[in-house]
Amino acid sequence: ERLDGALFVPMSTATKAGLAQALMEHRPRILLVDEVDKCSREDISVLLTLMEQGFVKETKCGRSQTKVYVNSYVFMACNDVRHIDPALLDRSQPIYFKAYTREQFTATVVAVLKRRFDRGPELAEYVALRAWADLGYRNVRAALNIGKVATSKVDVDEQVKLLMNYRKEQGRARR
């Protein structure tokens with residue numbers, strides 16, 4: 001579902017110029033920034049100015065500047081807060097989510113496999129069960145990697161067997 005008045009920006013692929021242009025064109029009420037821990041210091045300067053001063057600057061030909069005020073609530077997501085630029089973190093209020101319960105993990109895996117990969121609920125639940133119980137996965141993306149290529153329970157079983165035989169354990173590949 002889309003959130004009215006929102007702009008979604010994946011910072012792993014965004015640039016300073018692209019973000020500034022998108023903010024000036026859309027002037028979102030809500031800015032959703034994903035993977036903020038993967039962007040460079042230069043690319044986050046637009047976010048820093050927006051969060052601190054409430055505007056975005058456009059510079060043309062290295063001289064003339066236009067300030068566009070953008071009244072946005074900024075929500076950022078990351079995988080590792082230790083990789084966020086300290087200046088950006090200072091302008092933020094971090095919220096840490098608890099790990100998924102088994103039920104939440106299963107519900108999320110089932111919903112995403114159904115929506116994105118057209119998997120039936122029985123197969124999707126099986127993927128979640130094997131990922132959680134046999135592989136010890138708590139990361140939904142890891143389970144989705146199994147489910148997006150598996151079209152049967154046999155496929156899931158083969159992938160789980162392969163992963164169990166060749167995944168890293170305690171920093172060394174299992175033999």
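Could you identify which residue out of Ser72, Ser152, Ser92 has the top mean-square fluctuation in a GNM of the chain using Cα springs shorter than 10 Å?
Checking each option, the largest mean-square fluctuation is seen for Ser152.
For Phe117, Phe105, Phe97, give me the order by solvent-accessible area with a 1.4 Å probe, most accessible first, ignoring ligands, DNA and RNA. The partial results should precede the final answer.
Working: Phe117 60, Phe105 0, Phe97 185 Å².
Solvent-accessible surface, decreasing: Phe97, Phe117, Phe105.
Using Cα Rg over 2.2 N^0.38 Å as the read-out, say which of [x] 1.33; [y] 1.28; [z] 1.05 was calculated from these coordinates.
Checking each listed value against the structure points to [x].
Restricting to DSSP loop positions (anything but H, G, I, E, B) with no more than 16 other Cβ atoms inside 10 Å of their own Cβ, which trypsin sites (Lys or Arg not before Pro) remain in the range 19-50?
Working: sites: Arg29, Lys38, Arg41; in loops: Arg29.
Filter output for the range 19-50: Arg29.
Rounded to the nearest 500, what is the chain's calculated 222 nm mean residue ellipticity when only DSSP H runs of at least 4 contribute -39500 (n - 2.57) each, over all residues? Spell out each step's value before the answer.
Details: 7 runs with 76 residues, N = 175.
Taking each H run of at least 4 residues, the total per residue is -13000 deg cm²/dmol.
Cβ under 15 Å from His26's Cβ, His26 left aside: what net charge do those residues give with Lys, Arg +1 and Asp, Glu -1? Please list the in-between numbers first.
Working: positive: Arg2, Arg27, Arg29; negative: Asp4, Glu25, Glu58.
Combined, the nearby Lys, Arg, Asp and Glu give 0.
Antiparallel DSSP bridges in the range 23-131: what percent, to the nearest 5?
Details: 6 of 10 bridges.
That works out to approximately 60 percent antiparallel.
Considering the options Asn71, Ala111, Pro10, tell which one lies farthest towards the positive end of the dipole of the chain, charges being +1 on Lys and Arg and -1 on Asp and Glu at the Cβ, about the Cα centre.
Selected residue: Pro10.
Any of Lys148/Lys168; Lys38/Lys153; Lys38/Lys168 with alpha carbons more than 26 Å apart? Name them for me.
On the way: Lys148/Lys168 22 Å; Lys38/Lys153 35 Å; Lys38/Lys168 24 Å.
Lys38/Lys153, as the Cα separations exceed 26 Å there.
Ignoring ligands, DNA and RNA, please state the percent of accessible area on the chain from carbon and sulfur, probe 1.4 Å.
Working: 6040 of 12170 Å².
Answer for the chain is 50 percent, counting heavy atoms of protein chains only.
The values are calculated or read from the model by the stated rules, or taken from the named source; none is laboratory data. Because the structure is predicted, anything quoted here is derived from the model rather than measured. Here the Cβ is made from the backbone with ideal geometry for all residues, glycine too, and neighbour counts use every protein chain on show. Surface accessibility is based on the protein's heavy atoms, side chains included, excluding ligands, DNA and RNA. Shrake-Rupley method; radii C 1.70, N 1.55, O 1.52, S 1.80 Å.
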